[in-house]
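Asks: Structure in structure tokens, see below.
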Amino acid sequence: MRTRREFLATLGTAAGIAMSHAPSSGAGPASDRLGALLPLRPLGKSGATVTAFCLGGAHFEKDRTEAESQAILEKALEVGCRFFDNAYFYHEGEAERRYGRLLSPKYRDVAFIMTKCRNRTGAEARKELDAAIARMKCDYLDLWQIHAIESPEDVDNRVRDGVLDVFLEAKASGKARYIGFTGHTDYRAHLRMLEILAERGIDLDTCQMPINLCDPHYESFTVNVLPKLIARKYGVLAMKTMAFGQMTGRGGFPNKPMPKPLTESGITPRQMHEYVYSLPIAALVSGCASPEEVVENSGVLGQFKGMDAAERDRLVALAEKYAGPEMERYKGLKG
């Protein structure tokens, strides 16, 4: 187990790497046919760059009108976001279908589209890839990720049953430009995936995992996985930045009491995001339920000037008493 001092040293080194890869502020904002972009970061060693704010797809649910979904997408594009997340798991493909109706027809040329696959056999994954491309009306995916690995055993089983091979085939065929894996349950699953890939002498392009102020204190992805990803030049995608909103007292799980929000200690939602942006991530995946949330959350990136090691240390220390299984209930949550 790493000591607190070793962990903070890792953060300092990693953050330095992140800032050294950030686009120069003197170069001016990048732009495309729609206007100025949010700050870009490299997607690991893939050669691609993405907006460091990525719009999450989970809020494109069936009980939200298409007009509401379109307003969220249009606002994201307006503020300069070009990275869009999705998964079949989000409302049985409805979120993907909405991208196919609202995003791809007008904006495919500027949108970096990611979706994820939870299928546990190669045959199922291959079928799902074609279905996802059809639902989102894309000729190819920019990023396709093995979704929600749960444990080392789950990783072993998916690899044994051909899922990894199908992902490698998808990249080789051009159906997916880049491939990766995700998980929020157990950091050991991520370590097992990296171990298997090392045994094969290969790497994927991305890894998505929880990164937030509480994470370093409990079953930590940041402490145990992030340094290995940086060493192997992965594009790291951060999620659960506010622990499903529980850090601010606005989210939570049904039928379970809300833990005390971190905001009672004086930590602001802006600082929660800035901490994550100060680490060597490619992008922060942010679920937004309204255009106003898009403006609020993306605005943190647009105004971000960096965070030094002392401030990271202070915030991480303030979060310690809130950390644990009540705040990060998704750790250990199967399915």
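Asks: In percent, what relative contact order does the chain have, based on Cα pairs under 8 Å that are 6 or more apart in sequence? Write out the running numbers ahead of the final one.
Replies: Values: 605 pairs, mean separation 67.3, N = 335.
Reported relative contact order: 20 percent.
Asks: Cα convex hull of the range 103-241: mean projected area in nm², to one decimal?
Replies: Working: hull surface 33.5 nm².
Answer in nm², one decimal: 8.4.
Asks: When the Kirkwood radius is taken over all Cα pairs of the chain, what Stokes-Einstein diffusion coefficient follows at 25 °C and 0.890 mPa s, in µm²/s? Let's see the in-between values first.
Replies: Values: Rh = 20.0 Å.
It comes out at roughly 123 µm²/s.
Asks: Within the range 226-266, what residues put their amide N at less than 19 Å from the label point 7 Å along the Cα-to-Cβ vector of E94?
Replies: It comes to 254, nothing else.
Asks: Based only on other Cβ atoms within 10 Å, what is the fewest-to-most ordering of M272, M193?
Replies: Numbers: M272 22, M193 25.
Ordered from fewest to most neighbouring Cβ atoms within 10 Å, M272, M193 come out as M272, M193.
Asks: Restricting to DSSP H runs of at least four residues, report the calculated mean residue ellipticity at 222 nm for the chain, -39500 (n - 2.57) per run over all residues, nearest 500 deg cm²/dmol.
Replies: Details: 13 runs with 131 residues, N = 335.
When only DSSP H runs of four or more count, the value is -11500 deg cm²/dmol.
Asks: Please report Rg (one decimal) and Dmax (integer) in Å for the Cα set of the range 277-335.
Replies: Both quantities, over Cα of the range 277-335: 14.6, 38 Å.
Asks: Dipole size in debye (nearest 20) for the chain around its Cα centre, Lys and Arg Cβ +1, Asp and Glu Cβ -1?
Replies: On the way: 45 positive and 43 negative charges, 61 e Å.
It works out to roughly 300 debye.
Each value in this text was obtained by applying a stated rule to the coordinates, not by laboratory testing. Treat the numbers as computed from the prediction; the structure is a model and nothing was measured. No Cβ is skipped: glycine too gets one built from the backbone with ideal geometry, and neighbour counts run over all protein chains shown.
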